[in-house]
Amino acid sequence: MKKALKIVGICILVIALLLAAALTIYYYRNMHWYDKYEAALKKTGAIEQQVTLPNGNVINYGEVANDKPALLLIHGQMGEWESYAMTLGKLSEDWHVYAVDVYGHGESSHDESLYYIDVNGDDLIWFIDNVIAEPTVVAGHSNGALTAAYIGAYGGENVSGVVMEDPPVFSTEEGEWENSFAYINTYKPLHEYNMSEKSECYEAYSLRHGYFGDKYGGIPNLAEKYHKKHPGEVVKIGVLPSIAWSVHQYLPDYDLTYGEHFYDLSWNNGYTHRQILSDVHVPCIIIHEKESIDANGVYLCATSDKNAKEAAALLGDYGRLEEVEASYHSFHSRHVDEYADILKSLQK
């Protein structure tokens with residue numbers, strides 16, 4: 001009997017140790033998920049630099065230089081040029097890559113008067129004409145994809161093609177906006193936070209008041225605790241999978257006022273998406289992650305399948321729609337080879 005109990009005790013101890021090891025690994029990976037981005041970025045040899053425009057605005061960008069055709073990358077909301085880290089190495093096999101910080105993000109100018117699709121778009125057209133100074137394919141992600149479309153429509157002869165990666169086309173206009181995951185999870189809480197007394201950090205507030213709300217339990221308190229212990233640094237939450245809070249990675253260099261222009265849709269600045277797409281007269285590929293809708297009818301995707309097809313139709317003979325599986329709105333990082341192949345197809 002004693003021998004049997006001893007064996008049971010040993011088994012329980014082994015299981016406990018294995019469970020503790022698994023939890024430790026889980027926690028470590030969640031806390032250090034960005035390490036692979038930093039390692040990948042270092043491997044590419046990308047050089048970070050800045051250019052000051054004649055109007056005084058500053059565009060910060062990373063460059064992987066070679067003698068390949070030019071490619072300009074425009075990140076999405078709450079990103080930075082480094083968010084393309086996992087993709088830069090592969091892309092540089094076929095492209096001379098420039099990746100910019102959008103205004104209000106990273107080290108580019110932070111000025112509320114610049115947070116509009118046409119203002120930022122026009123300055124990126126200047127960047128193409130004066131810094132790149134050769135025919136350029138423009139690839140944007142999320143709202144950066146809409147900016148890429150604007151550049152494709154009004155950028156002139158140095159814009160040779162456009163790739164729109166999972167654009168929130170039509171869904172970030174009146175009519176559909178308030179029924180989207182982006183509005184409920186990000187922009188509504190962001191606006192309410194800006195209007196509040198800001199008694200806790202934005203990361204904690206957004207977790208507490210976003211789409212998942214009370215499902216996070218006391219985790220927002222952990223975010224606030226980390227913020228107080230590490231002020232000015234990226235908030236890390238080891239008990240949550242990084243996919244749930246990785247959007248916070250670049251928040252220290254993000255102007256929350258930028259988000260206000262999405263909350264009230266003023267970022268479009270009078271332009272309609274239909275108008276912009278109809279004016280694109282260069283080859284344009286739309287990469288669309290297939291739609292996902294929750295039980296309450298909230299769109300968990302950037303835009304619907306119907307909207308993506310309508311956008312492609314507006315492009316006419318210039319457009320091509322690439323339907324891909326859902327990738328947490330980060331196709332370029334999760335399917336690097338496929339993303340690179342789609343972009344390379346424009347070289348033909």
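Rule-based calculations on the coordinates, nothing more; no lab input. The structure displayed is predicted, hence computed values, not measured ones. Every residue, glycine among them, receives a Cβ derived from its backbone with ideal geometry; neighbour counts consider all protein chains shown.
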request  = Work out the length of the dipole vector of the chain about its Cα centre, built from +1 on the beta-carbon of each Lys and Arg and -1 on the beta-carbon of each Asp and Glu, and round it to the nearest 20 debye.
outcome  = 2240 debye
Overall form of the range 62-134 per C-alpha gyration tensor (a/c, 1.5; a/b vs b/c) = oblate
task = Would you mind checking which residues have amide H under 5 Å from residue 94's amide H? H placed 1.01 Å from N; only 5 or more apart, or other chain.
result = none
ask   = So how do 267, 33 line up by other beta-carbon neighbours within 10 Å, fewest first?
value = 33, 267
ask   = Expressed as an acute angle from 0 to 90° and rounded to the nearest 10, what is the orientation of the C-alpha long axis of helix 219-229 relative to the principal long axis of the chain?
value = 80 degrees
query = So for the chain, taking the charge dipole from beta-carbon charges (+1 Lys/Arg, -1 Asp/Glu), which of 251, 59, 19 sits furthest toward the positive end?
reply = 19
request  = Could you grab the Rg to Rh ratio for the range 179-313? Cα atoms only, Kirkwood for Rh.
outcome  = 1.03
key: Candidate lysines for bridging to residue 348, where Cα separation is under 21 Å - those fewer than 8 sequence places away on the same chain excluded   = 68, 90
task = For helix 35-44, report the angle its Cα long axis makes with the longest principal axis of the Cα atoms of the chain; keep it between 0 and 90° and round to the nearest 10°.
result = 40 degrees
ask   = Hey, what did the chain get for relative contact order, percent, Cα under 8 Å, at least 6 apart?
value = 17 percent
message = Show me the GluC sites (Glu not before Pro) within the range 86-153 that DSSP assigns to loop and that have at most 14 other Cβ atoms within 10 Å of their Cβ.
response = 93
inquiry  = Can you tell me what share of the DSSP beta bridges in the chain is antiparallel? A percent to the nearest 5 is fine.
reply    = 30 percent
note = Non-local residues with an amide H under 5 Å from the amide H of residue 324, with H modelled 1.01 Å from N and Pro and chain starts lacking one, are 288, 289, 290
request  = Work out how much length residue 326 to residue 274 would gain on full extension: take 0.36 nm times their residue separation and subtract the Cα-Cα distance, in nm to one decimal.
outcome  = 16.3 nm
query = Among residues other than residue 188 whose Cβ falls under 14 Å from its Cβ, what is the net charge (Lys/Arg +1, Asp/Glu -1)?
reply = -3
remark   = A correct fewest-to-most ranking of 282, 97, 298 by other Cβ atoms within 10 Å would be 298, 282, 97
key: Gyration tensor verdict on the range 130-217 (Cα atoms; rounded if a/c is under 1.5, prolate if a/b is larger than b/c, oblate otherwise)   = prolate
request  = Could you tell me which GluC sites (Glu not before Pro) in the range 261-325 are loop residues by DSSP with no more than 15 other beta carbons within 10 angstrom of their beta carbon?
outcome  = 325
ask   = Counting Lys and Arg as +1 and Asp and Glu as -1, what is the net charge of the other residues whose Cβ lies under 11 Å from the Cβ of residue 207?
value = -2
Summed residue charge, Cβ within 12 Å of residue 35's Cβ, Lys/Arg positive, Asp/Glu negative = +3
task = Report the FRET efficiency, 1/(1 + (r/R0)^6), for residue 196 and residue 27, where r is their Cβ-Cβ distance and R0 is 41 Å, rounded to 0.05.
result = 0.85
query = Based on the inverse mean of 1/r over its pairs of different Cα atoms, what is the Kirkwood hydrodynamic radius of the range 1-56, in Å?
reply = 16.1 Å
task = Just the ratio, please: alpha-carbon radius of gyration of the chain over 2.2 N^0.38 Å, N its number of residues.
result = 1.08
